[in-house]
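Only one structure is covered here, and it is reproduced in the block below.
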């Protein structure tokens, strides 16, 4: 069965079916989002949005910022887990934390996070001897952790409150509940599959041994905690009335986030917003839009600015160290070249 799946994927890659299908899905999602936003935002009163921003509750904004910080802290364990999975436990946590934080914040804002985030990771991890193949494996395992967490949160949330998903996909609640149980069943099947025997994906130097059952449950837990903090941050910023409850907001938030990833637009811009506005249609649009703008500021803009500063400082420090090392090497080599080590004209014996 595994060989059949591998051969099928090889054929699809050879004919570029997967790439073309991905582009088609992205364009379709973006087109639908643009159509929805056009109809939803044309009645928006900008002055009301600005007024809602000015009336924002500082306590709620502070809690949202705290939850965003907790989410990014959880993100650091994506890379820590991935490095140990691919056989590089020697990389210190501080390095994996820097790589995870900067790669995710840059990827979230620039878009095409698999490439932009991967480039940032390679720049950092290559200093510790990791090759491009190693970094690709790290990105794969980290991405797997993210998607497993998404599947768990989405499956449990929709199973508990299928009406929340119906607000976005327009499917009847009973069908959404069936989809939710199918997601959870597939997730449980995957855990059982990796528990029965070591599973390897990829070939040659690209081969990755998938985490076993216990470690996969740890992956799922990391993803759930990360998404839980993100959803809590969003929940703190949406209007208080009507109070739909955390689960409803979390299901709609995760669904909107996944649609944003599917579009590959920077930060899910447009797609995420359209899904949130459609899913939370009961709320005042101006106040909801103000909350979403605050969330973008806290979750996207601020971490991106911090990441750019950290990466810039890192490059300056590395450049300074390289310059000092180069100058030291040149000084040590001077006697071998017959050059004087001191004095304006050397030691003339005068």
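Read-outs throughout are calculated quantities, based only on the coordinates presented, and are distinct from any laboratory measurement. From a predicted model like this one, the values you see are computed outputs, not experimental measurements. Cβ placement follows ideal geometry from the backbone for every residue including glycine, while neighbour counts extend to all protein chains displayed.
Quick one, what does Rg over Rh come out to for the range 176-330 if you take C-alpha atoms and the Kirkwood Rh?
When Rh is taken as the Kirkwood radius, the ratio is 1.12.
Work out how much length residue 58 to residue 201 would gain on full extension: take 0.36 nm times their residue separation and subtract the Cα-Cα distance, in nm to one decimal.
So the chain would gain 46.7 nm between residue 58 and residue 201.
Between the range 56-75 and the range 201-235, what is the separation of their alpha carbon centroids in Å?
Computed from Cα coordinates, the inter-centre distance equals 22 Å.
At a Förster distance of 51 Å, what's the computed FRET efficiency of residue 192 paired with residue 327, Cβ-Cβ distance as r, to 0.05?
Taking R0 as 51 Å, the efficiency between residue 192 and residue 327 is 0.30.
When Rg is the radius of gyration of the Cα atoms in the range 148-246 and Rh is its Kirkwood radius, what does Rg/Rh come to? Let's see the in-between values first.
Details: Rg = 16.8 Å, Rh = 15.4 Å.
Dividing the radius of gyration by the Kirkwood radius yields 1.09.
Figure the gain on full extension for residue 217 and residue 312 (residue separation times 0.36 nm, minus the Cα-Cα span) and round it to one decimal in nm.
30.6 nm
At a 10 Å Cβ-Cβ cut-off, how would you order 195, 320, 105, fewest neighbours first?
Ordered from fewest to most neighbouring Cβ atoms within 10 Å, 195, 320, 105 come out as 320, 195, 105.
Determine, from the Cβ-Cβ distance of residue 281 and residue 320 and an R0 of 45 Å, the FRET efficiency 1/(1 + (r/R0)^6), rounded to the nearest 0.05.
Using R0 = 45 Å, I get an efficiency of 0.25.
I want to check the label-to-label distance for residue 69 and residue 119. Put each point 7 Å from Cα in the C-beta direction and report it in nm to one decimal.
3.1
To the nearest 0.05, what FRET efficiency results for residue 175 and residue 243 with a Förster distance of 35 Å applied to their C-beta separation?
Working: r = 27 Å, r/R0 = 0.76.
Approximately 0.85, to the nearest 0.05.
Can you tell me the relative contact order of the range 167-218? Whole percent, Cα pairs under 8 Å, sequence separation 6 or more.
Working: 29 pairs, mean separation 14.3, N = 52.
Here the relative contact order equals 27 percent.
Could you tell me the distance between the Cα centroids of the range 87-108 and the range 124-165, to the nearest Å?
The range 87-108 and the range 124-165 have Cα centres separated by 14 Å.
Would you work out the Kirkwood radius for the range 44-322? I mean one over the mean of 1/r across all pairs of different Cα atoms, in Å.
With all distinct Cα pairs of the range 44-322 included, I get 19.8 Å.
At residue 302 and residue 94, where each label point lies 7 Å from the Cα along Cα→Cβ, what is the point-to-point distance in nanometres?
Result for the modelled spin labels: 2.4 nm.
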